[in-house]
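The values are calculated or read from the model by the stated rules, or taken from the named source; none is laboratory data. Computed from a predicted model, the values in this text were never measured in an experiment. In this analysis, Cβ positions are derived from the backbone assuming ideal geometry, glycine residues included, and neighbour counts consider all displayed protein chains.
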Amino acid sequence: MTTALQSRSYPEHALLDDGEMGGGLSSMLSLSTIRGIVYRQRFMLIGIITLALVAALVITLLTRPLYSASTTVRIDPLTSNIVDGQNLEPEVPVNEIDRYMQTQATVITSRRIAYQVVDTRKLDTREDFLGDFATKRPDGMSDKDWKHERREAAAGMVQGGVKVDVPMENRVITITYTSPSAKLAAEVANAVADVFVQEDLRRALETNVYAQNYLKGQIEKLQRSVQNAEEAANAYAKANGIVAQAPMASSATDGDTSQTVTVATLATVNETYTAARTKRIAAEQRWNAVSGVPAGQLPEVQQNNAIQGMIAERSKAITELSQLRQRYGESYPRLRELNAQVSSLTTQINKASNDIKSAIRDDYTIALRQEQALEGELNKVSGKTLDEQDRRVRYNMLDREATAQRTQLASLLTRYNEISSAANLKPGTSSKLDAAQVPGGPVSPNLPKNMLIGLFLGSALALAIAVLREAFDDRLRTTEDVERKLGLPLLGYTPDISDRDVIEEINDPFSILMEAYSSIRSSIDFAVPGNHRVLQVTSSEPSEGKSLTASTIARKYAQLGRKTLLIDADLRKPSLFALFGTTRPKSGFVEVLLGDVRFEDALIPNTPENLDVLPVAPSKVNPVELLSSQVLTDFVEKYREQYSLIIFDSVPVMGLADAPLLSRIADATVFIVEANRAHYGQAKTAVRRLMSAGARMAGVVLTKYRAAEAGMSYDYHYQYYAYGERSKD
């Protein structure tokens, strides 16, 4: 059985170190832990929160009321251009509109706008705005410095009181000004909006005027440059004999340079030469085709009506001549006339045919001569053109420079005209939407808001202090604390019962306290199984409920029919006799050990059946010497077999050697811890002392457990131990 108990014992190294007292972040964040902290620190929490609420109320009552007035300004970064020239500034991309709106808000709250508001409304001289500083000059300050300081102070007040709200869903900026005066709040809010709109318009107009003046200066400068470039080109042309034709309208529009007379002549001669060459080639081909053909066979001859008429007339004469010759012979006079007529017509026909063929040859000769003449002229003009090209390189450069400057001048004139046309149009991107109205009530101080802030800050401060107090408080409060920190099994816990109700609870076998001890007794049976066992009950400090626990457990074992011996081993401050309704006896445990009194005579009379109680009488014997003697060991061995269980109600461990000495002869030690009183460090030290003395720890009993302070619900222990319809009272 001893081996079984030792296997259930927790070794010394199972105890946690001081750095592990918190149990980890999870335990600190659990609902029960938070609820326990709030309940334990409830009075401090309520006090701090109450003080915070009172402070918020006092501050609210003492705070000067402030009024806020708001005006709205519409921003249009993507304005439409009525005429060309309005888009002097680059357009705002869609993805940059939010940044543009934020920029406008920054401009509204700038020092520049504040200065303009002060100057336009003369706020630096108004007593209702600056107070006495506006009319009473401080001693030792000059008028100039006073004026400067007033202006700076007024600008600071304007800048500090302006707040700009830039919404995400639209492009309407809200300008709010807060002031102790309702009228001033509305006036300054409207003034800021007006100055911002006017500043935006003025900036745009200044940009337009600047652009006009800049373009005007550039135009005048460029006109002089164009004149100088044209004069230089003309002087060079005159000096080098370069005569240019006037350019055509289309060419001038396109920026092409004009041709010179030499170039134009070359083009004309080349065109005429090409035509003459073509004509000569055609005439030559024609002549080569007809030069070897008889003149009468030429198509031109055959198609000539005059020649064909003569041929027909000759044929007619020949026919008549043949007929007359046959009829009248050669001597007929008419034959002589017809022969002469035929000869004459033949001569005319041959002459006419030869003339046509000669004309074809003459056409070829003339075309050849014209080509040769034009070729000579072309060579002459080409030579002049080549000579002129060398001189024209410099001229073309001068002419291109003049042309480029003329083009640039035309572009500047066009842009200047556009800007001049748009000068009278409103180019601003902002416009005032709604004017600020005089507020009907103050916005500050806000009592509900301040009270809410006070509640929040007070709660935060109270919780912080509560957490700090809990962090430095190492008392054991919950069953989890006992098992996690001490490293020992929990045998059970007893509810917190007032002293006047303890006797009543003990006498009622079905009370919550007795139900709790029944559970503890069952746990001890599992931890210390078997009969003839010796059990020690001790604690780290006095008044933790060890005597009540020892006596009640003894009663529970006796009720089960197990013969039990309960010994009061607290030789220094015994209290066990009072729990059995008797006075302190004259003889007891010490006297029995010393053999001065019989064991049976020292027992408390009238105890419950199966339960013997051995009290402690007044004695001057040294407890350490007695408990470390062989007499105690012999006593335990003598009565172990007579009782099913011997229970020692020992002294507290801290500061005394009694409990460690007694633990060496006990089969198991039950360690009592009072909830919300026993400190972890003290309990840990006590357990280590017992274990270093060889004690076999059965477990821990947590006494006077208060569920609310442990973070559980109020009726947690009732629900745990009670059954049926028992009252909680």
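Of the candidates ASN606, ASN676, ASN610, ASN622, the single residue that is within 21 Å of LEU491 (Cβ to Cβ) and in the same structural domain as SER540 (by TED's automatic domain parsing) is ASN676.
Kindly indicate which of SER353, SER431, SER344 is out of contact with any Phe, Trp or Tyr (no Cβ under 9 Å at 6 or more places or on another chain), at pLDDT 75 or above, surrounded by 13 or more Cβ atoms within 10 Å (Cβ to Cβ) and outside the structural domain of LEU321 (by TED's automatic domain parsing). Of the residues listed, the single one that is out of contact with any Phe, Trp or Tyr (no Cβ under 9 Å at 6 or more places or on another chain), at pLDDT 75 or above, surrounded by 13 or more Cβ atoms within 10 Å (Cβ to Cβ) and outside the structural domain of LEU321 (by TED's automatic domain parsing) is SER431.
Go through the residues of the range 323-334 one by one and say whether even a single one is basic (Lys, Arg), surrounded by 12 or more Cβ atoms within 10 Å (Cβ to Cβ) and out of contact with any Leu (no Cβ under 7 Å at 6 or more places or on another chain). No, the range 323-334 contains no residue that is basic (Lys, Arg), surrounded by 12 or more Cβ atoms within 10 Å (Cβ to Cβ) and out of contact with any Leu (no Cβ under 7 Å at 6 or more places or on another chain).
Determine whether the range 533-547 contains at least one residue that is assigned to a helix (DSSP H, G or I), surrounded by 20 or more Cβ atoms within 10 Å (Cβ to Cβ) and of a type in the set (A, V, I, L, M, F, W, C). No: the range 533-547 contains no residue that is assigned to a helix (DSSP H, G or I), surrounded by 20 or more Cβ atoms within 10 Å (Cβ to Cβ) and of a type in the set (A, V, I, L, M, F, W, C). Could you tell me whether ASN379 is under 30 Å from THR262 (Cα atoms), modelled with pLDDT under 85, surrounded by fewer than 16 Cβ atoms within 10 Å (Cβ to Cβ) and over 60 Å from the mean Cα position of the chain (by Cα)? Spelling it out, ASN379 is indeed under 30 Å from THR262 (Cα atoms), modelled with pLDDT under 85, surrounded by fewer than 16 Cβ atoms within 10 Å (Cβ to Cβ) and over 60 Å from the mean Cα position of the chain (by Cα).
Here the range 10-40 is the region considered, the condition is being under 14 Å from ALA471 (Cβ atoms) and over 40 Å from the mean Cα position of the chain (by Cα), and the residue that is modelled with the highest pLDDT is ARG40.
All but one of (1) hydroxyl-bearing (Ser, Thr, Tyr); (2) modelled with pLDDT under 80; (3) surrounded by 14 or more Cβ atoms within 10 Å (Cβ to Cβ) hold for THR253; which doesn't? Looking at each condition in turn, THR253 falls short on (3).
Which of the following residues is among the aliphatic types (A, V, I, L, M), closer than 26 Å to LEU345 by Cβ, modelled with pLDDT under 85 and assigned to a helix (DSSP H, G or I): LEU324, LEU266? Going through LEU324, LEU266 in turn, just one is among the aliphatic types (A, V, I, L, M), closer than 26 Å to LEU345 by Cβ, modelled with pLDDT under 85 and assigned to a helix (DSSP H, G or I): LEU324. With respect to ASP84, determine if the residue is modelled with pLDDT of 80 or more and not assigned by TED's automatic domain parsing to the domain that holds MET691. No; evaluated as a whole, the condition is false for this residue.
The residue that is surrounded by the most Cβ atoms within 10 Å (Cβ to Cβ), counting only those in the range 460-514 that are assigned to a loop (DSSP other than H, G, I, E, B) and modelled with pLDDT of 85 or more, is LEU488.
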